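Remarks on the structure that follows.
The values are calculated or read from the model by the stated rules, or taken from the named source; none is laboratory data. In this text, all values refer to a predicted model and were calculated from it rather than measured experimentally. Every residue, glycine as well, gets a Cβ built from its backbone with ideal geometry; the counts of neighbours run over all protein chains shown.
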Amino acid sequence: MSQVCNNNVIIKHPLLFRDIIKNTMKITVAKSAGFCFGVKRALQIARNAAATTKNVYMLGDIVHNETVVRSIMDSGIKKTGRITKGSDKTLLIRAHGAPSSVYEKAKKAGNLLIDATCPMVKEIHRLASRAEKDGYPVIVIGDKKHDEVRGILGQLTKKALVIDSVNSIPLARIKKLDKAAIVVQSTQNIDKVLTIVDTLEKHIKDLKFFNTICLPTKTKQDEIRKMPLSNDVLIVIGSKTSANTKRLYEISHSLNKKSYWIQSEEEIVPSWFKGAKTVGITAGASTPDATTRAVVSRIKHLTNHSHS
């Protein structure tokens, strides 16, 4: 239901300003913009830990967003890059998950554990481990250095093959495989994944493919395949360390060259909107609503002056 506010602004969604019309400028925010289920869950776990437990240490960034990480640290949780001994310490596992060795090391060090791994990532761990136990070499389609991929690899007893593009497929090695099982980093681009799978199917007779791209990623990518075509300018909001945000930008830019990836409203360049009548906005899975609201407010301010 629409609400009419001051300055002739029409708001269809009071939280994220889903559809704002200001003078001749129309701003549309993707319905899927912002936190996914896994991020919301991880942050709730972290805040509960901060409120009830002393000496909580976050192993790396709980999610890939600097603003969110700062807010978690402000709540009293410390950030660490290594596990140290101490029965008075509690280790918080990030939303992206961690290798099995991290859990084992923390327990040996006497640490308590709080696991904020996304359940969808846990499912990837389960599928990869089961495939290996069934005798299938595991192939992971994903970014080799990403925390989630490292966590997946860390569930296995044998070295898995990681592929991030068709061009990176080691055909000589692939042709030696009679069978294999594929799992996918949860935030990958489905089009690129299917292209890789199609190539692998030509060389591996018994190939099991588990499409483990999560539903929030699919929903965000479905929207971003449409929005750049119906808007003059497209803004993607999220950290430069965020894999899912990077994918949204890549898809958007391939469809509309006037696509821009920003981390906050401070990075907005006024000239982007010159002559534009429609602006689309989406935000990565770890981008707070407050950041999106600030971006919308900044664009409203700029376009108000440009149309005066």
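Here are a few things to note about the model shown:
- When the test is whether a residue is at pLDDT below 95 and either in contact with a strand residue (DSSP E or B) (Cβ under 9 Å, 6 or more places away or on another chain) or not in a loop (DSSP other than H, G, I, E, B) (or both), Thr303 passes it.
- All of Ile268, Ile262, Ile299 fail the test of being among the β-branched types (Val, Ile, Thr), crowded, with 23+ Cβ neighbours inside 10 Å and out of contact with any Cys (no Cβ under 9 Å at 6 or more places or on another chain), apart from Ile299.
- Among the residues of this structure, Lys202 does not count as one that is surrounded by fewer than 21 Cβ atoms within 10 Å (Cβ to Cβ), at pLDDT below 95 and either not assigned by TED's automatic domain parsing to the domain that holds Ala50 or not acidic (Asp, Glu) (or both).
- On the stretch given as the range 249-289, residues that are free of Cβ contacts under 8 Å to residues at least 40 places away in the same chain, of a type outside the set (D, E, K, R) and not in a loop (DSSP other than H, G, I, E, B) total 12.
- Of all residues making up the range 227-248, the number that are within 20 Å of the chain's Cα centre (by Cα) and not in a loop (DSSP other than H, G, I, E, B): 12
- Lys208 being surrounded by fewer than 20 Cβ atoms within 10 Å (Cβ to Cβ), modelled with pLDDT of 95 or more, basic (Lys, Arg) and under 24 Å from Ser129 (Cβ atoms): yes
- Any hit, the range 192-215, residues being under 16 Å from Ser32 (Cα atoms) and touching a Pro at 6+ places or on another chain (Cβ under 8 Å): no
- Whichever residue in the range 163-179 is surrounded by 12 or more Cβ atoms within 10 Å (Cβ to Cβ) and of a type in the set (A, V, I, L, M) and, among such residues, is farthest from His203 (Cα to Cα): Ile163
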